[in-house]
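No lab work stands behind these numbers, since they all come straight from the coordinates. Note that the coordinates shown come from a computational prediction; the quantities given were computed from them, not determined experimentally. Every residue, glycine among them, receives a Cβ derived from its backbone with ideal geometry; neighbour counts consider all protein chains shown.
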Amino acid sequence: MDGISIQIENVTVAYHGKVALHSASLNLKAGTICGLVGMNGAGKSTLFKAMMGFVKPVSGSILINGLPIRRVQKSSLVAYVPQSEDVDWNFPVSVYDVVMMGRYGYMNLLRMPRSLDRRIVRESLERVDLWQLRDRQIGELSGGQKKRAFFARALAQQGTVLLLDEPFAGVDIKTEKLMIDLLIELRQAGQTILISTHDLASITTFCDQVVLINRSILAYGDTSEVFTEENLSRTFGGFVGELPLAKRRLTQGSMSPDQEQP
Amino acid sequence: MDLVQWFVAPLQHEFMLKAILVSALVGIVCSALSCYTILKGWALMGDAVSHAVMPGVVIAYVLNIPLAVGAFVFGVGSVMAIGFIKAKTRVKEDTVIGLVFTGFFALGLVLVSKVRSSIDLTHILFGNVLGISDADIVQTVIISGITLVTLAILRKDLILFCFDSTHARSIGLNITFLYYVLLSLLSLTAVAGLQTVGIILVVAMLVTPGATAFLLSDRFDQMMLIAMVTGVFSSVIGTYISYHIDGSTGGCIVVLQTLLFVMAMIFAPKHGLLVRARTSQALNKTVV
C-alpha cells in the first residue's frame, strides 16, 4: 500500500441518470489532514457517500487501506461525522449511549459492551470535554456540545479514516479549537482525515493536503503546491482570484447565486 | 361489592381467566413494540399495517390456515405497495399510506361480506377476547414469543436504526433488514392485538403506551419498562372493567391507556404540563 490510505480510481457516480461525480481519481497518504474544497453541488457529499458505501459508483473502484468498501464497512474503518445530525433530539438516549454507538461494530450480536469499549467511550468523552455531561439526554446539550458528542462517537469508532462534512459550520470557538487540536493529535496517531469545508482560510493552517473538486477531482496533493489561485479559480469558476486569499473567509454566500448548483 | 371480590369473582369463569392472561400478554408485547413505533415516527404506518391485514385475516380464515400467516403477508405487502407507489409516482407519502390501507381494508370488508356465514365482522373490527378460542391463544403466545425474543436480540440495533440510521449504515448494519424486521413485528403484533381490541383500535396498543412512557423517561430501557407496565395495567384492568360494566373490552382497555397518557401529559415530573407551567412562571418572575 506504500502508506496510501485512500485510493479512488475513475469513480463515476450518477443519481437517476444524472452524473454527480465524473471519473474521479485520488490517492491520499495515511497520517494526513486533507481539505476537500468545492462549491455546493460540486460532489463533496457524493464523494463521501461513495466512500461510505451509501451510493454505488457506476464505474471505478474505491479502496481504503487496500480494502474494498464492503469490507471497510464491516470493520468500522471509516468514521463519518455529517454536517448536521439528522436525528430526533428528544430520543431517550444519553450522551454516553450515543458515543457507545460508535463501538457497536466491534460488539457481538447483542451489542454488549466489554470493559475495553467502556474505556474507549470514556476516553473519547474526556477528549471532547463531555465526560461530566455523559448522563445528559442528548437533546439537553448545546449546539457545540452536540457536535462534540458526535465527534466523540467518531473517535470511539477508532477507524483509520475520518470523514468530516463541514465540521466547523456554526460551531462555537471552544468547539472549533478543541476539534482542530484533536485532529492534529489524530494525524500524529496515523489517521487519515478528510474534511469538506468552505473555509479556505483554515485550509492553510492545518491541512497538509488539499483536494479540489468540481464534478470531478481537479487537483490534489500537498497544500503548498495545489492551493494556488489558479487552481482555486478553476474550482470556483473564476471567483476566487478577485479576492485576496490570505485570512479571508470565503463562504458560498459571497459568490453570485447562479454559481450554486440546485 | 368489595375490592377483593371485584378482582376474584370474575376469575371463576374460565373465559375470564383466559381473557385476562391473553390481554396481559398482548399488552406486554404491543407496549414493547410501541416504544420503537413512536420513536421511529411510525404511528401512521402502524395504523396502515393493522388495517391492511384485514383481507389476509379473512383469506386465512377461509383457507383454514393460521390468521397470523395471512395477516403477515398482507401487512408486509401493504408496506411494499406503499414504498412502490411512493417511489414511482409524485404522490406524497401520507397520501399513499392513507390510500393503500383503506384500499386493503375495503377489500377485506368485501371478502367478509361474501363469507359472512363463517366469520364475524364485529370480532375482527372490535376484538373478542372474552370469547377467544384455544387455537387463537396458542397463536397469540407464539407471536408474542417471536416478537419478544426478536426485540431482546436486536434491541440495540433497532434503537440505533430508529435514532440514526445513517450511522447504523456506516458501521455496516443492514438497515434494510432492520426495516423489514420492525415492519414484520408490526404486522404480527397487529394480529395479536386484533384478538383483544380489534383492528380499529390496534394502533392504540402500538402507540399509546410508548407515548405515555416517552413523557415519563429520558432513558430507553426505563421507557420500555414503563410502557410495558402501563400496557399490562390497562389490558388487565380494562378487561375487568368491561366484565363488570358489560361493555366493550377493547374500548375499556384503550380508554384506560388514553387516561394514563393524559395523566402523564399533565403530571409527568420533567415533561409534564404542570412542571412546564411552573418553570416558565418561575422564569417570568426572575425576569421581572
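Which FRET efficiency value, to the nearest 0.05, is calculated for B:Phe267 and A:Val58 with the Förster distance at 41 angstrom and r the Cβ-Cβ distance?
Numbers: r = 57 Å, r/R0 = 1.40.
After rounding, the FRET efficiency stands at 0.10.
Any idea which of A:Leu232, A:Tyr15, A:Ala154 is furthest toward the positive side of the dipole for chain A, if Lys and Arg beta-carbons carry +1 and Asp and Glu beta-carbons -1?
Checked the options; the winner is A:Ala154.
If you take every residue apart from A:Phe206 with its C-beta less than 13 Å away from the C-beta of A:Phe206, what net charge results, scoring Lys and Arg +1 and Asp and Glu -1? Kindly include the intermediate steps, with their values, before the conclusion.
On the way: positive: A:Lys177, A:Arg187; negative: A:Glu176, A:Asp181, A:Glu185, A:Asp199, A:Asp208.
Here the count lands on -3.
Taking K and R as +1 and D and E as -1, what net charge do the other residues with C-beta under 9 Å from the C-beta of B:Thr166 add up to? Working shown, then result.
Working: positive: B:Arg169; negative: A:Glu85, A:Asp86, B:Asp164.
Result for the local shell: -2.
Take every DSSP beta bridge with both residues inside the protein assembly as shown and express the antiparallel ones as a percent of the total, to the nearest 5.
Numbers: 21 of 39 bridges.
Taking every DSSP beta bridge with both residues in the protein assembly as shown, the antiparallel ones total about 55 percent.
Determine the alpha carbon to alpha carbon distance for each of A:Lys29/A:Lys177; A:Lys56/B:Lys92; A:Lys74/B:Lys156; A:Lys147/A:Lys174; A:Lys18/A:Lys49; A:Lys147/A:Lys177 and list only those over 23 Å.
Numbers: A:Lys29/A:Lys177 25 Å; A:Lys56/B:Lys92 26 Å; A:Lys74/B:Lys156 17 Å; A:Lys147/A:Lys174 12 Å; A:Lys18/A:Lys49 16 Å; A:Lys147/A:Lys177 13 Å.
Among A:Lys29/A:Lys177; A:Lys56/B:Lys92; A:Lys74/B:Lys156; A:Lys147/A:Lys174; A:Lys18/A:Lys49; A:Lys147/A:Lys177, the Cα-Cα distance tops 23 Å for A:Lys29/A:Lys177; A:Lys56/B:Lys92.
Rounded to the nearest 20 debye, what is the charge dipole size of the protein assembly as shown about its Cα centre when +1 sits on each Lys and Arg Cβ and -1 on each Asp and Glu Cβ? It would help to have the intermediate numbers written out before the result.
Values: 45 positive and 40 negative charges, 51 e Å.
So the magnitude is around 240 debye.
Could you work out the helix-only [θ] at 222 nm for chain A, with each DSSP H run of four or more residues adding -39,500 (n - 2.57) and the total divided by the number of residues, to the nearest 500 deg cm²/dmol? Mind showing how you got there, number by number?
Values: 9 runs with 83 residues, N = 262.
My calculation for chain A gives -9000 deg cm²/dmol from helical runs alone.
Other chains near B:170-178: what is the mean number of their Cβ atoms within 10 Å of each residue's Cβ? Could the numbers behind the result be given before it?
Details: counts 17, 17, 11, 3, 0, 0, 0, 0, 0.
Averaged over the peptide's residues, the number is 5.
Ranked by Cβ crowding within 10 angstrom, fewest neighbours first, how are A:Thr205, B:Thr249 ordered? Before the final figure, lay out each step's value.
Values: A:Thr205 10, B:Thr249 25.
With the sparsest Cβ surroundings first, the list reads A:Thr205, B:Thr249.
So what are the ³J(HN,Hα) numbers for segment B:165-182, from phi and the Karplus equation (6.51, -1.76, 1.60; θ = phi - 60°), rounded to whole Hz, Gly and Pro as x?
So the Karplus estimates, Gly and Pro as x, are 5, 4, 5, 3, 5, 5, 9, x, 6, 8, 6, 5, 4, 5, 4, 6, 4, 4 Hz.
Using Cα pairs closer than 8 Å and at least 6 residues apart in sequence, work out the relative contact order for chain A, in percent. List each step's numbers first, then the result.
Values: 483 pairs, mean separation 68.2, N = 262.
Once divided by the residue count of chain A, the mean separation gives 26 percent.
As a test, work out the antiparallel percent of DSSP beta bridges whose residues both lie in chain A, rounded to the nearest 5. Each step should come with its number before you reach the end.
Values: 21 of 39 bridges.
Here the antiparallel bridges make up roughly 55 percent for chain A.
What is the distance in Å between the Cα centroid of segment B:217-258 and that of segment B:46-104?
First find each Cα centre; the distance between them is then 27 Å.
Can you check what the net charge comes to around B:Ala268, using other residues whose Cβ is under 15 Å from the Cβ of B:Ala268 (Lys, Arg +1; Asp, Glu -1)?
Cβ neighbours under 15 Å give a net charge of +3.
From the alpha carbon gyration tensor of the protein assembly as shown, can you work out the equivalent ellipsoid semi-axes (sqrt of 5 times each eigenvalue) and give them in Å, largest to smallest? Don't skip to the answer; put the middle values down first.
Values: eigenvalues 547, 148, 86 Å².
So the three semi-axes of the protein assembly as shown are 52, 27, 21 Å.
Return the long-range amide H neighbours of A:Ile4 (sequence gap of 5 or more, or a different chain), with a cut-off of under 5 Å between placed amide H atoms.
Residues meeting the criterion, in which the H sits 1.01 Å from N, are A:Ala30.
Once you charge only the Cβ atoms, +1 for Lys and Arg and -1 for Asp and Glu, what is the size of the charge dipole of segment B:3-287 about its Cα centre, to the nearest 20 debye? Don't skip to the answer; put the middle values down first.
Working: 16 positive and 12 negative charges, 178 e Å.
That gives segment B:3-287 a dipole magnitude of about 860 debye.
Expressed as a rounded percentage, what relative contact order does segment A:11-61 have, with Cα pairs under 8 Å and six or more residues apart?
Values: 51 pairs, mean separation 24.2, N = 51.
47 percent.
What is chain B's relative contact order, in percent, from Cα pairs under 8 angstrom and six or more apart in sequence? Write down the numbers at each step before the final one.
On the way: 414 pairs, mean separation 81.3, N = 288.
Answer for chain B is 28 percent.
What does the average come to when, for each residue of peptide A:75-81, you count the partner chain Cβ atoms lying within 10 Å of its Cβ? Please report the intermediate quantities before stating the final value.
Values: counts 2, 3, 2, 2, 3, 5, 2.
Average neighbour count from other chains, rounded to a whole number: 3.
Of all alpha-carbon pairs in segment A:84-158, indicate the percentage at a distance above 17 angstrom. Intermediate results must be reported in sequence, preceding the final value.
Details: 1004 of 2775 pairs.
Counting every Cα pair in segment A:84-158, those more than 17 Å apart make up 36 percent.
Kindly rank B:189-198, A:111-120 from highest to lowest mean number of other beta carbons found within 10 Å of each residue.
B:189-198, A:111-120
Averaged over peptide A:26-37, how many Cβ atoms belonging to another chain are found within 10 Å of each residue's Cβ?
Working: counts 0, 0, 0, 0, 0, 0, 0, 0, 0, 0, 0, 0.
Mean partner shielding for this stretch: 0.
Give a quick list of chymotrypsin sites (Phe, Trp or Tyr not before Pro) in segment A:33-118 that DSSP marks as loop, anything other than H, G, I, E or B, with at most 16 other Cβ atoms within 10 Å. Display every interim value, and only then the final one.
Numbers: sites: A:Phe48, A:Phe54, A:Tyr80, A:Trp89, A:Tyr96, A:Tyr104, A:Tyr106; in loops: A:Phe54, A:Trp89.
Loop-located and lightly packed - A:Phe54, A:Trp89.
What are the trypsin sites (Lys or Arg not before Pro) within segment B:73-144 that DSSP puts in a loop, where the Cβ has at most 10 other Cβ atoms within 10 Å?
Numbers: sites: B:Lys86, B:Lys88, B:Arg90, B:Lys92, B:Lys114, B:Arg116; in loops: B:Arg90, B:Lys92.
Within segment B:73-144, the qualifying trypsin sites (Lys or Arg not before Pro) (loop, at most 10 other Cβ atoms within 10 Å) are B:Arg90, B:Lys92.
Gap in Å between the Cα centre of segment A:28-84 and the Cα centre of segment A:169-201?
17 Å
Summing -39500 (n - 2.57) over the DSSP H runs of n ≥ 4 in chain B and dividing by its residue number, what mean residue ellipticity at 222 nm do you reach, to the nearest 500 deg cm²/dmol? Please list the in-between numbers first.
On the way: 15 runs with 234 residues, N = 288.
When only DSSP H runs of four or more count, the value is -27000 deg cm²/dmol.
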